[in-house]
């Protein structure tokens, strides 16, 4: 069900300078009885005007457009008529960089644009579009929430800042010895992860690995963006790479990442998705955290942030069975409270914390 609330339809505005894309998106969404296409716009300026006039529940927004590009249009919409926006992004490095800028500016998620003459590619786009619209409809609109999207301007923490007294809750997780940290996220995750790691000190003594659901072309630019914005080093992981203290490795998109025991510690092992057909989400958070739990004999912290579905629950379950510790993001600050909720409901969350507190809690393990 894609309705924005019980008994109502999700009202969608389509903004794209390509008549083909407008027709393609309209053709897919108009077949859903719970969606009402309230209008289309051929450039960003028209998109802003129609967003204000039509007050849609959701906007699909192209990035590259004449008169006013998608990011500029998004910023105007967020200032004048805040609305949930899905960016339609090309699968290129340039498209990735623009997408992350849009997410920082308030877009809720993005749809990889990959329509060709191939019927397979068209089916993939259709399924992805419907899934993203469904997620966006269910998501919380957190644009004004404190701590969301502020990582870029947050002060870079020293070790002392990261170990400041926490505002609430207990310190039961900090009695456990860890050697590694594994973090998983999906919808809302790019901005949430930026917020978390901006609070981790640059001399953090444990290696960190992140699995976030992204296409292949996006994880490299995303890692570069985080590396430029945060004090701790961030890079895209490569097969055979050791997990080093004070470095965050982003699992590459389009494939799965495991952690295995090497001579000097944990090592990254990438694998094609065909090797693990049981994992729907790519890269799999379950596989990354579960394999890290096994390879580290439970000497790790598992963290699950915002995201649709339950990816991460089985990995966190394996971690708890090995004696590890876990943190999940709370409902109030999650764009989608699916992945964290699965961990809470399954009894594998040691701490449930607001987004703005999680990075500080990770930093405390350095003491």
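The values are calculated or read from the model by the stated rules, or taken from the named source; none is laboratory data. Worth saying up front: this structure is predicted, and the values here are computed from it rather than measured. Virtual Cβ from ideal backbone geometry, glycine too; neighbours counted across all protein chains shown.
Okay, residues lined up against (1) touching a helix residue (DSSP H, G or I) at 6+ places or on another chain (Cβ under 6 Å); (2) at pLDDT below 80; (3) over 26 Å from residue 352 (Cβ atoms):
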{"site": "109", "(1), (2), (3)": "yes, no, no"}
{"site": "126", "(1), (2), (3)": "yes, no, yes"}
{"site": "136", "(1), (2), (3)": "no, no, no"}
{"site": "140", "(1), (2), (3)": "no, yes, no"}
{"site": "152", "(1), (2), (3)": "yes, yes, no"}
{"site": "161", "(1), (2), (3)": "no, yes, no"}
{"site": "170", "(1), (2), (3)": "no, yes, no"}
Residue check for residue 281: surrounded by fewer than 24 Cβ atoms within 10 Å (Cβ to Cβ), closer than 22 Å to residue 140 by Cβ and touching a residue at least 60 places away in the same chain (Cβ under 8 Å): yes
When the residues of the range 245-268 are narrowed to those that are buried (at least 16 other Cβ atoms within 10 Å of the Cβ) and farther than 18 Å from residue 285 by Cα, which ends up nearest to the chain's Cα centre (by Cα)? 247
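Residues checked against (1) more than 16 Å from the chain's Cα centre (by Cα); (2) not in a loop (DSSP other than H, G, I, E, B); (3) not assigned by TED's automatic domain parsing to the domain that holds residue 307:
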site: 46; (1), (2), (3): yes, yes, yes
site: 50; (1), (2), (3): yes, yes, yes
site: 56; (1), (2), (3): yes, no, yes
site: 59; (1), (2), (3): yes, yes, yes
site: 67; (1), (2), (3): yes, no, yes
site: 73; (1), (2), (3): yes, yes, yes
site: 77; (1), (2), (3): yes, yes, yes
site: 82; (1), (2), (3): yes, no, yes
site: 85; (1), (2), (3): no, yes, yes
So which of 59, 28 ends up being under 30 Å from residue 332 (Cα atoms) and either in contact (Cβ under 8 Å) with a residue 12 or more places away in the chain or touching a strand residue (DSSP E or B) at 6+ places or on another chain (Cβ under 8 Å) (or both)? 59
